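The values are calculated or read from the model by the stated rules, or taken from the named source; none is laboratory data. No experiment lies behind these values; they were computed from the predicted model shown. Counting neighbours? That spans all protein chains shown, and the Cβs are built from the backbone with ideal geometry, glycine included.
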Amino acid sequence: MLTREMVGRTIGQNWHYVCLEHVGVPFVWHYHPEFELTLTVGAQGTRYIGGNVARFDNLDLALVAPNQAHTWHSRTPSKHTRIQVVFFTLNWLRGLAENGLPELAAFTKWLSTVHEGVVFGPACSQAVLAAFDLLHHQRDIARLSSLMAIFEAISRDKDAIQIGGLAGTNGTNGTDARLDAALDFLHANYMHPISLEAVANAASTSQSTIKRLLRLHLKASMVELLIQLRIGHACHLLVSTEKSVGLVASESGFSNPGHFFALFRHSHKMTPSEFRARHHFKAGENIA
């Protein structure tokens, strides 16, 4: 199930840091309106960001765009496992850039190009280890300095791989309450039939306004966004359950299995069954 995680601005902060040690990387399919930068050390498993699925091994650094469904799954944790997560908003950084810190302008411009997310190269991941360690132990201005050093490193990583998909949701970040309400409604109800009228009613605005806001901030229509959410949920069911492909389609919001099959194959360049064979937890546990 896709859940809305409460972090960052939702608890009154423009950026928020979390560190987990000696634990597994849990499979919790979730989203939130903040960017999420996650450094995983000493774990092996599978990373899911939107419709992208990939293995990670021992050292992994990834950025997730706002409101993008994502999760991680790892094998048995070791005493060396460490997960460090930074949540932050684009509006916060833009505000700083526009009010006395123009040095941040290039970074905010780079962030605006992020769609579903970014996976960083091994050299960059290794390079930010020291800064993440300082981020964990320092306080006040020194801690903020470590965060800025991390931002500098990731924006200059030439080996970074941007995850595609629909144009990024990074423009939302609370910029329009109507859009936030519409997204919350879509995330809560995408497994059921949804009309543009229902979305507009949930956002207390007109259908034409919702269409304009989705196109302006997400560069997508409501139908395109629904497909992305439903395909992402189908990926979750395919890798974490033994449910039939037909049942996966139905529980992901697709009334026509053939339509689901065609959309899934177009999105992932493989059939749902092939996707399950490659990425299912049980099948993946033996992959080095």
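Screening region 185-200 for residues that are out of contact with any Phe, Trp or Tyr (no Cβ under 9 Å at 6 or more places or on another chain) and buried (at least 16 other Cβ atoms within 10 Å of the Cβ) and picking the one that is farthest from LEU93 (Cα to Cα) gives MET191. Of the helices (runs of 4 or more DSSP H) that lie entirely inside region 176-288, those containing 1 or more residues that are under 16 Å from GLY50 (Cα atoms) span 177-189, 207-218, 222-240, 257-268, 272-279.
Answer yes if at least one residue in region 225-243 is over 24 Å from the mean Cα position of the chain (by Cα) and surrounded by 13 or more Cβ atoms within 10 Å (Cβ to Cβ), and no otherwise. Yes, region 225-243 contains at least one residue that is over 24 Å from the mean Cα position of the chain (by Cα) and surrounded by 13 or more Cβ atoms within 10 Å (Cβ to Cβ). Being touching a His at 6+ places or on another chain (Cβ under 9 Å) and more than 25 Å from HIS115 (Cα to Cα) is the requirement here; does GLU251 meet it? Yes: the conditions hold for GLU251.
ASP57 falls short on exactly one of the conditions (1) buried (at least 22 other Cβ atoms within 10 Å of the Cβ); (2) within 26 Å of ILE231 (Cα to Cα); (3) of a type outside the set (Phe, Trp, Tyr), and that condition is (1). Taking region 140-158 as the range and being at pLDDT 95 or above and among the acidic types (Asp, Glu) as the test, the residues that pass are GLU152, ASP157.
Each row is one residue, and each column tells you yes or no for (1) in contact with a strand residue (DSSP E or B) (Cβ under 8 Å, 6 or more places away or on another chain); (2) within 25 Å of GLN228 (Cβ to Cβ).
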residue	(1), (2)
ALA62	yes, yes
TRP72	yes, yes
HIS80	yes, no
VAL85	yes, yes
THR89	yes, yes
LEU93	no, no
ALA97	no, no
GLU103	no, no
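Restricting the first member to region 90-102 and to residues that are over 12 Å from MET148 (Cβ atoms) and not assigned by TED's automatic domain parsing to the domain that holds HIS16, and the second to residues that are hydrophobic (A, V, I, L, M, F, W, C) and buried (at least 17 other Cβ atoms within 10 Å of the Cβ), no beta-carbon pair is closer than 8 Å while six or more apart or on different chains.
Within region 38-49, the set of residues being surrounded by fewer than 24 Cβ atoms within 10 Å (Cβ to Cβ) and either of a type in the set (Gly, Ala, Ser) or closer than 28 Å to GLU224 by Cβ (or both) comprises THR38, GLY42, GLY45, THR46, ARG47, TYR48. Is it the case that PHE261 is surrounded by fewer than 18 Cβ atoms within 10 Å (Cβ to Cβ) and within 30 Å of PHE56 (Cα to Cα)? Yes; evaluated as a whole, the condition is true for this residue.
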